[in-house]
2 protein chains.
Amino acid sequence: MKRHMKAHVFVTLKKTVLDAQGKTVCQALRGMGHNSIVDVRQGKYFEIDIASGASVEAVRAELNQIAQDILANPVIEDCRLEIEE
Amino acid sequence: MKRHMKAHVFVTLKKTVLDAQGKTVCQALRGMGHNSIVDVRQGKYFEIDIASGASVEAVRAELNQIAQDILANPVIEDCRLEIEE
């Protein structure tokens, strides 16, 4: 039986890479009076629907590959994968 | 005492709005042989550091306001907020 699964992939710039977009958002928020905001980092977010007869482990392995090879640039970005069953 | 909190804001296009970027990623992945991928939706992700003496509830209220008014366009986008204490 085909099961449907949902995966969430979060791609963010590595901590050591300057996130100009996040810095700009942070400064804008502080300029609007939200002084408790210390730092903002912006990233990408993918919601992926999967129809799979395979095990969660197999799906996780495939998606890890996809996330690292295709969705993120491993030179400057980190990615994190969550799977809802 | 000032506590540090981390918040995660996820901004995605509403289900009724065409997500051309997500569709393109989905087609690309399927074209590369990942046939179990049914749908991809792409969104934005913000990691926010907060230095706050206020309660979690107050921070949540402030961030909800920020997320809905500034980070997302409520006409076409949904946003979701998670706070790590």
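Just so you know, all these numbers are worked out from the coordinates, no wet-lab data involved. These figures come from a predicted structure and were not determined experimentally. Cβ coordinates were reconstructed from backbone atoms using ideal geometry, including for glycine residues, and neighbour counts include every protein chain displayed.
Counted over chain A with a bin width of 5 Å, the fraction of Cα pairs per bin, in whole percents, is 3, 14, 20, 16, 13, 11, 10, 7, 4, 2, 0. In chain A, the longest principal axis of the Cα atoms and the axis of helix A:56-66 are about 50 degrees apart.
Taking θ as phi - 60° and the Karplus parameters 6.51, -1.76 and 1.60, the scalar couplings of the range B:67-82 work out to 4, 6, 8, 10, 6, 10, 9, x, 5, 10, 10, 9, 9, 9, 10, 10 Hz in sequence order, x denoting glycine and proline. Among A:Val17, A:Val40, B:Val25, A:Val75, a tally of other beta-carbon atoms within 10 Å of each Cβ gives an order, fewest to most, of A:Val75, A:Val17, B:Val25, A:Val40.
Computed from Cα atoms, the angle from the helix A:20-31 axis to the main principal axis of chain A rounds to 50 degrees. Mean per-residue shielding of peptide B:47-53 is 6, counting Cβ atoms of other chains within 10 Å of each Cβ.
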